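Asks: Supplied in structure tokens, the structure appears directly below.
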Amino acid sequence: MGDILSQREIDELLKALGTGELNIEEMKTAKEEKKIRVHNFLRPTKFAKDHLRTLSYIHENYARLVTNYLTGYLRTAVQVEIATVESLPYSDFTNSISVSSAVILGVIDFNPLNGSILLDISPSLAFTIIDRILGGKGTLIEKMRGFSEIEMAIIERVIVQLTNLLREPWESIITIRPRLDRIDNNAQFAQLINPNEMVAIVTLSVKIGDVEGMMNLCLPHMVLEPIVPKLSTKIWFSAIEKEITEETKQTLAKRIESTEVAIKAVLGSNEITIRDFLSLQKGDVIPLDTGINGHVKVMVGNILKFYGKPGIKKNRVAIKISDVIREEET
């Protein structure tokens, strides 16, 4: 509302223009001058918003992969989502990590790029993961403590798998071969770069059952500098929309051909009471709903795909396919 002139101010402005106190040309020139932007040499902005947006897209895919891995490995409901992606000095990141023996800080060699990135796992998540792997319910511990050698070996195995999952999301930018170098329990020992060096922090919100915590990926600018020009949403989406080549189609076809699927033939079915089921004895006959000349259902997984005739081939029970159910018929 401060930009709106009152009637009195408008009258004074018109009066000044009429008397020549104000020059319209000077006003236009001043308006066209470029605005000065403040630059902090101690904290230069090396990651543009477009770069951070691309990192967010990359790690959204990573979050889905981590969700699938932890859900299957821990056998419980796990939800991983992107919380924030921001740029800040490395010293701010290390100062935000508590100084205790319960800190899990994985130093990951980001080969073929020079340098390492950091994976920070909150103690609450680490203890929950360890508890689930050892057969517990994965409840939050009341008091934080240091990790034993066995617990460190368990969490190291998990971090190795989380490190390997980085390959696929980064594939469209660069083919990486990340490798866990070591695990530190003190952020002060992980001084990989200058404290004033800018880093991109990708914060993942992780929920394991009823326990919530954070995982942080610290990506130094000096490590990503050779590929920063590729961290553009324009390049990212052009890579996604790239036309599938014939070689890619053949590779996918080979993978599909070698995929194993379960096939079963359903000879027939019937309904009996639980009393009759419990009283079944050797030699009893259960009549099926499939006639002698009827077709047998052939299931691929749980989907009906074929009809066939039962028989014997080379002294082995077999099914001869008599009809194929096309996709458009299902």
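Asks: Scan the range 132-168 for residues that are buried (at least 20 other Cβ atoms within 10 Å of the Cβ) and of a type in the set (D, E, K, R) and jot them down.
Replies: The answer is R132, and nothing else.
Asks: Another one. So in the range 16-67, with the set limited to residues that are touching a helix residue (DSSP H, G or I) at 6+ places or on another chain (Cβ under 8 Å) and charged (D, E, K, R), which one is modelled with the lowest pLDDT?
Replies: Among residues in the range 16-67 that are touching a helix residue (DSSP H, G or I) at 6+ places or on another chain (Cβ under 8 Å) and charged (D, E, K, R), the one modelled with the lowest pLDDT is K46.
Asks: Being crowded, with 19+ Cβ neighbours inside 10 Å and over 21 Å from the mean Cα position of the chain (by Cα) is the filter here; which residues of the range 169-182 pass it?
Replies: None; the set is empty.
Asks: One residue is enough: does the range 145-152 have a residue meeting the conditions of a type in the set (F, W, Y), assigned by TED's automatic domain parsing to the domain that holds L231 and closer than 21 Å to N68 by Cβ?
Replies: No; the residues of the range 145-152 include none that is of a type in the set (F, W, Y), assigned by TED's automatic domain parsing to the domain that holds L231 and closer than 21 Å to N68 by Cβ.
Asks: Condition check: surrounded by 16 or more Cβ atoms within 10 Å (Cβ to Cβ), without any contact (Cβ under 8 Å) to a residue 40 or more places away in the chain, in a loop (DSSP other than H, G, I, E, B) and polar (S, T, N, Q). Does T290 satisfy that?
Replies: Judged against the criteria, T290 is a match.
Asks: Related question: Would you check which residues across the range 110-167 are among the basic types (K, R) and either within 23 Å of R179 (Cα to Cα) or without any contact (Cβ under 8 Å) to a residue 24 or more places away in the chain (or both) and list them?
Replies: Correct list: K143, R157, R167.
Asks: Please work out which residue is nearest to N111 (Cα to Cα), limiting yourself to the range 145-168 and to residues that are over 19 Å from the mean Cα position of the chain (by Cα) and not aliphatic (A, V, I, L, M).
Replies: Looking at the filtered set, the residue picked out is E156.
Asks: Find the residue count for the range 293-330, including only residues that are under 22 Å from T259 (Cα atoms) and outside any strand (DSSP E or B).
Replies: The total comes to 5.
Asks: Here are some residues: V107, V80. Which one is in contact with a Lys or Arg (Cβ under 7 Å, 6 or more places away or on another chain), closer than 25 Å to N185 by Cβ and at pLDDT 90 or above?
Replies: V107
The values are calculated or read from the model by the stated rules, or taken from the named source; none is laboratory data. Owing to the predicted nature of the structure, the values given are computational and were not obtained by experimental measurement. Note that we place each Cβ from the backbone using ideal geometry, even for glycine, and neighbour counts take in every protein chain shown.
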